[in-house]
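Written out below as structure tokens is the structure these notes cover.
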Amino acid sequence: MKKITVLPADKYIVVNKTVLHEEDRRLLTMLYQPIIGYTAVSLYFTLIDDLDSLYRTSEDLNHHHLMATMQLKLEEIIIAREKLEAVGLLKTYMKEGNVNSYVYLLYSPISANEFFNHPILNIVLYNNIGKKEYDRRQQLFKVPKINLKEYQDISLKFNDVFSSSNLKPFEVIDSIEVRQEAKMELNRVIDFDELISSIPSSMVSSRCFTEDVKELINSLAVVYQLDTDAMKGLVRNAINEKGLINREELRKSCRNYYQFENMGKLPTLIYQKQPDYLKQPEGDTSKWAKMVYTFENTSPYDYLKSKYKGAEPTKRDLRLIEDLMVEQKLSAGVVNVLISYALKLNHQKLNRNYLETIAGQWKRLNVETVEEAMRLTEKEYKKMKKIAAKNETKPKTVKESKEILPDWFNQEQTSEQVSKEEEEEWDKRLSSLV
């Protein structure tokens, strides 16, 4: 897209495409500002102030008005505008004329929950402000949780309160205001014409560069900070004997390149803990709750490191865990449960095929919380016990008689030790499964 020069006399109007709340101001300053900067956030607020008393649209204004209001050069304002566009808070439309006219569409910031789970914004924020400040900001948006375990939901349904009536159908007005949050779009950071032309046509099939393959290449370039020149060799090396791109090989190559350029480090997802909104309410002191707490408040990196008795995990295992979080999009606590279960099931080895199979199943079941993951493994244990009960008369080999259990069944957690009473309570729980 060609660069368009904006002049002070160019006109603009602001259109509010959403419903703005007071909480949006805090989201912008605490989460967006470390990424896009103070000037961009200030421009957003200035455009809001341009709206009419009903927060719908502004009158016709010119860019000299922005320069006077913000006391900034027009070049600085345009840079700030582009940053707002980049994170989805603003969309810009332009009509050429003797004096160009612009329309600025404003969108709400995404919620804190969405932000802290966003695959790009989350990582950029972490890298920009560091772990200590990142954790502090997470705490600021933490919602107090109440343990409702001993309470009963007595809320009434709609038809418990209101009786039906013969209402006539009517036409629904589709222009009523609605909250529209920012949707960040990824531009093509890869010049595919240049990339494809750099590879001999004899090496590739006509079906090599499909749209989904291009999307994968572009996404990997964004995640691992790669440009077209860097991607050329990586793509070429991932082409198989059929002239198609081996997706897994390309992912590995991009990851290895990133690690080489960043002194062996991986993207920061594996160092994060379970998001607060997916954690259990505090206050429960049972054995089960303590195990849930351990999984929720330990990063996959630290949890895996504890299994190495404090030693650095192998790069292979770290890459495997990273894949579960980046590609399967499992939450940190759920990954910890999966690590625990897989290690016990496979004699302290992390088997990629097994992990990916379970991860795929959990993703399809929409498993997001630690407790959901633990209940699933408990359910599998229950099945094994039933099968064992049916075959109890069958002679068992030593290998068959050994029960395979998750870590929380035999106290290998690194959290504080539970009491003997709690162990007895857990034994009773297990006994009730058969």
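The values are calculated or read from the model by the stated rules, or taken from the named source; none is laboratory data. Since we're looking at a predicted model, the values are computed, not measured. Note that each Cβ is placed from the backbone with ideal geometry, even for glycine, and that neighbours are counted across all protein chains shown. Just so you know, the surface numbers come from the protein's heavy atoms only, side chains and all, with ligands and any DNA or RNA stripped out. Shrake-Rupley method; radii C 1.70, N 1.55, O 1.52, S 1.80 Å.
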Screening 160, 135 for residues that are surrounded by fewer than 11 Cβ atoms within 10 Å (Cβ to Cβ) and either of a type outside the set (Lys, Arg) or in a helix (DSSP H, G or I) (or both) leaves only 160
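From the list 361, 348, exactly one residue is in contact (Cβ under 8 Å) with a residue 40 or more places away in the chain and of a type in the set (S, T, N, Q). Which is it?
Details: 361 fails: in contact (Cβ under 8 Å) with a residue 40 or more places away in the chain.
Criteria check complete, one pass: 348.
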Identify all residues within the stretch 11-46 that are open to solvent by 20 Å² or more (accessible area, probe 1.4 Å), outside any loop (DSSP other than H, G, I, E, B) and in contact with a Ser or Thr (Cβ under 8 Å, 6 or more places away or on another chain); write none if there are none. 11, 13, 15, 16
Flagged in the stretch 64-112 as under 34 Å from the mean Cα position of the chain (by Cα), free of Cβ contacts under 8 Å to residues at least 24 places away in the same chain, in a helix (DSSP H, G or I) and surrounded by 14 or more Cβ atoms within 10 Å (Cβ to Cβ), in numbering order, are 85
Can you report the number of residues in the stretch 321-365 which are outside any helix (DSSP H, G or I) and under 18 Å from residue 296 (Cβ atoms)? 3
Does residue 333 count as among the small types (Gly, Ala, Ser) and buried (at least 20 other Cβ atoms within 10 Å of the Cβ)? yes
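Each row is one residue, and each column tells you yes or no for (1) free of Cβ contacts under 8 Å to residues at least 60 places away in the same chain; (2) of a type in the set (Gly, Ala, Ser).
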{"position": "12", "(1), (2)": "no, no"}
{"position": "15", "(1), (2)": "no, no"}
{"position": "19", "(1), (2)": "no, no"}
{"position": "25", "(1), (2)": "yes, no"}
{"position": "34", "(1), (2)": "no, no"}
{"position": "38", "(1), (2)": "yes, no"}
{"position": "44", "(1), (2)": "no, no"}
{"position": "53", "(1), (2)": "yes, yes"}
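Which count do you get for residues in the stretch 124-134 that are closer than 22 Å to residue 23 by Cα and either under 16 Å from the mean Cα position of the chain (by Cα) or β-branched (Val, Ile, Thr) (or both)?
Of the residues in that region, 5 qualify.
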Would you mind telling me which numbered condition in (1) at pLDDT 85 or above; (2) acidic (Asp, Glu); (3) part of a loop (DSSP other than H, G, I, E, B) residue 177 fails? (1)
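Got at least one residue in the stretch 302-320 being within 19 Å of residue 372 (Cβ to Cβ), hydrophobic (A, V, I, L, M, F, W, C) and at pLDDT 80 or above?
The answer is no, given that none of the residues of the stretch 302-320 is within 19 Å of residue 372 (Cβ to Cβ), hydrophobic (A, V, I, L, M, F, W, C) and at pLDDT 80 or above.
Hey, can you tell me all the residues within the stretch 198-225 that are in a helix (DSSP H, G or I) and of a type in the set (D, E, K, R)? So that I can check it myself, show each step before the final result.
Taking the stretch 198-225 and keeping what is in a helix (DSSP H, G or I), we get 201-203, 211-223.
211, 212, 214, 215 - these are the residues of the stretch 198-225 that are in a helix (DSSP H, G or I) and of a type in the set (D, E, K, R).
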Residue check, residue 341 surrounded by 18 or more Cβ atoms within 10 Å (Cβ to Cβ) and hydroxyl-bearing (Ser, Thr, Tyr): yes
Within the stretch 236-252, which residues are more than 26 Å from the chain's Cα centre (by Cα) and part of a helix (DSSP H, G or I)? 236, 237
Against the definition (under 27 Å from residue 125 (Cα atoms), among the polar types (S, T, N, Q) and either surrounded by 14 or more Cβ atoms within 10 Å (Cβ to Cβ) or at pLDDT below 90 (or both)), how does residue 246 come out, yes or no? no
Return the only residue of 369, 357, 377 being within 27 Å of the chain's Cα centre (by Cα), modelled with pLDDT of 75 or more, open to solvent by 70 Å² or more (accessible area, probe 1.4 Å) and of a type in the set (S, T, N, Q). 357
